[in-house]
C-alpha cells in the first residue's frame, strides 16, 4: 500500500497529506460548534445559525466551482485558505479569555464555511486534473481512509478539549491552515489553465456576461443525465447515513431509555445514547481498520459489481438500523452497512471523476458537493415527517431510497452508457 502512495504524482501525495492535517484540525472543532452555540444563544437561534452556515457552504461551492474553471485551481485554493486562516484567528480572539462574542463568532464561521465550500470542489478537481484514470480508485481509497482516520483523531481530541480549551483549538486550526496554505503556495503548481478569450467588452457587458455564463454553466450540467443520476444516488446514500445521529438517534434514545444488555450472557449494558455513540464508533473503527483489507479483497472484482453490491449492503444495514432496537442486531447491521460503505465509495468517486468533462470539472464537483449537502440536510426533513408517520414507514422510505440508488447506478454503469459517456467527454476535451 505504501508503494501505491509513492507512485502518485507528488502534488497528489502532498494534497492527501494536507487533507489529513486539515481534516484532523477542523474536526476537533466543527462537531462541537452546535453544542457551543446552543449554550451561548439557545437552541432556536442555534438552529437558524446552522441554516445560515449551510447556506454559506452552498453559495461557496457554487462560486468556487465556477470561478476555478475560469481562473484556475490554485488561486481559488490560496484565497480560500487565507480567509479560513484569518477567520480562525479572529474566532480565537472573540472566544478568548478577554472576549466572548457568540454572534461575531457565527459571522466568522459563515465566512469560514463560505471559503471551505468554495475550496472543496476545487480540491477535488485538482486531483482529477493530474491523476491517471487507472490510479483514481486507489487515490480515492487513500483519500477516504485518511479523511476518516483524521476525523476520528480530531473528533476524539475535541471531545476532551473543546469545552474548556476551544480558544487554543481555534488557534491550532488556524496554524494548521496556515501550514497548508504555505505548502500549497510553495509546492502545488497550477493544474488547470483555462482558455483565455481576447474579446474586449465594457465593464457592464462583462458583468452581465459573467452572470449569464455562471447560470449557463450550471444549467448545462442538468443535461448530463448520467452525472445528475449519480448525484441523486449520492444524495440518497448520504441521507440514509445522516439519519443515525438524527432521527434514528432520537428513536433509540426514546425507546432504550434505561440500560439493557447487548448480549444476554455478557454483563455490559447500554442505553439509547450509549448505543448511538457505539454505532458511530463502530463505523469509524471499521472504516479505519478495514479500508485497505476490503480494497485488496475487491481488487479483482469488477467495479460495477463492487459498486452495486456495496450500495445494497449499505442500505440493508441502515434499513435494519432504522427500525430495530436490539443492540446486537444493530451492531451487526452497522457492520453490514460499513462493509457496503467501504465497497462502494472508492468506486463511486472514481466513476464521478471519470464522468466530468475537462473544461468544467470544478463546476461539476461543486454541483455534486451541493447535492451532498442537500442529502445531509434531509435529516431535518425526516425528523419533521416522523411526527406524523410510523417507524416502519421511515424504514420503507430508506429502503426505497436504496432501491432507487441501485436502479440509477445500474443504468449509468451499463457498458454501453459508460462507453457513450466517455466518448462524449473525449469529444468535449478536444
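At-a-glance table
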| item | result |
| --- | --- |
| Selection from the stretch 184-194 of residues that are surrounded by fewer than 16 Cβ atoms within 10 Å (Cβ to Cβ) and in contact with a helix residue (DSSP H, G or I) (Cβ under 8 Å, 6 or more places away or on another chain) | 185, 187, 189, 190, 194 |
| Check on residue 375, surrounded by 20 or more Cβ atoms within 10 Å (Cβ to Cβ), within 17 Å of the chain's Cα centre (by Cα) and under 19 Å from residue 247 (Cβ atoms) | yes |
| Candidates 409, 425, 404 - the one that is in a helix (DSSP H, G or I), over 30 Å from residue 250 (Cα atoms) and modelled with pLDDT of 85 or more | 409 |
| Residue identified as over 27 Å from residue 403 (Cα atoms), modelled with pLDDT of 80 or more and touching a helix residue (DSSP H, G or I) at 6+ places or on another chain (Cβ under 8 Å) among 279, 275, 247, 252 | 275 |
| Lone qualifier among 163, 168 - being at pLDDT 90 or above and assigned to a helix (DSSP H, G or I) | 168 |
| Unique match (being over 23 Å from the mean Cα position of the chain (by Cα) and assigned by TED's automatic domain parsing to the domain that holds residue 62) among 127, 139, 112, 89 | 89 |
| Any hit, the stretch 99-106, residues being within 17 Å of the chain's Cα centre (by Cα), modelled with pLDDT of 90 or more and part of a helix (DSSP H, G or I) | no |
| Counted residues, the stretch 37-61 - those being touching a residue at least 24 places away in the same chain (Cβ under 8 Å), under 20 Å from residue 246 (Cα atoms) and within 22 Å of the chain's Cα centre (by Cα) | 4 |
| Verdict on residue 378 being in a helix (DSSP H, G or I), under 26 Å from residue 313 (Cα atoms) and either in the same structural domain as residue 70 (by TED's automatic domain parsing) or touching a helix residue (DSSP H, G or I) at 6+ places or on another chain (Cβ under 7 Å) (or both) | yes |
| In the stretch 82-98, the residues that are over 20 Å from residue 373 (Cβ atoms) and surrounded by 24 or more Cβ atoms within 10 Å (Cβ to Cβ) | 88, 91 |
| Check on residue 71, buried (at least 20 other Cβ atoms within 10 Å of the Cβ) and out of contact with any strand residue (DSSP E or B) (no Cβ under 6 Å at 6 or more places or on another chain) | no |
| Condition check for residue 146: touching a helix residue (DSSP H, G or I) at 6+ places or on another chain (Cβ under 7 Å), in the same structural domain as residue 20 (by TED's automatic domain parsing) and surrounded by fewer than 23 Cβ atoms within 10 Å (Cβ to Cβ) | yes |
| Condition check for residue 207: exposed (fewer than 15 other Cβ atoms within 10 Å of the Cβ) and modelled with pLDDT under 80 | yes |
| Tally, over the stretch 109-143, of residues that are free of Cβ contacts under 8 Å to residues at least 60 places away in the same chain and surrounded by fewer than 22 Cβ atoms within 10 Å (Cβ to Cβ) | 4 |
| Which numbered condition residue 214 misses (of (1) over 19 Å from residue 361 (Cα atoms); (2) modelled with pLDDT under 90; (3) in the same structural domain as residue 327 (by TED's automatic domain parsing)) | (1) |
| Residue among 360, 395 that is over 24 Å from residue 143 (Cα atoms) and modelled with pLDDT of 80 or more | 395 |
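Every residue, every condition in (1) touching a strand residue (DSSP E or B) at 6+ places or on another chain (Cβ under 9 Å); (2) in a helix (DSSP H, G or I); (3) in the same structural domain as residue 405 (by TED's automatic domain parsing); (4) surrounded by fewer than 16 Cβ atoms within 10 Å (Cβ to Cβ), yes or no:
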position	(1), (2), (3), (4)
274	no, yes, yes, no
278	yes, yes, yes, no
284	no, yes, yes, no
291	no, yes, yes, no
294	no, yes, yes, no
299	no, yes, yes, yes
306	no, yes, yes, no
309	no, yes, yes, no
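The values are calculated or read from the model by the stated rules, or taken from the named source; none is laboratory data. As the structure is a computational prediction, the values presented were derived from the model and not from experiment. All Cβ positions, even for glycine, are placed from backbone atoms using ideal geometry, and neighbour counts span all protein chains on display.
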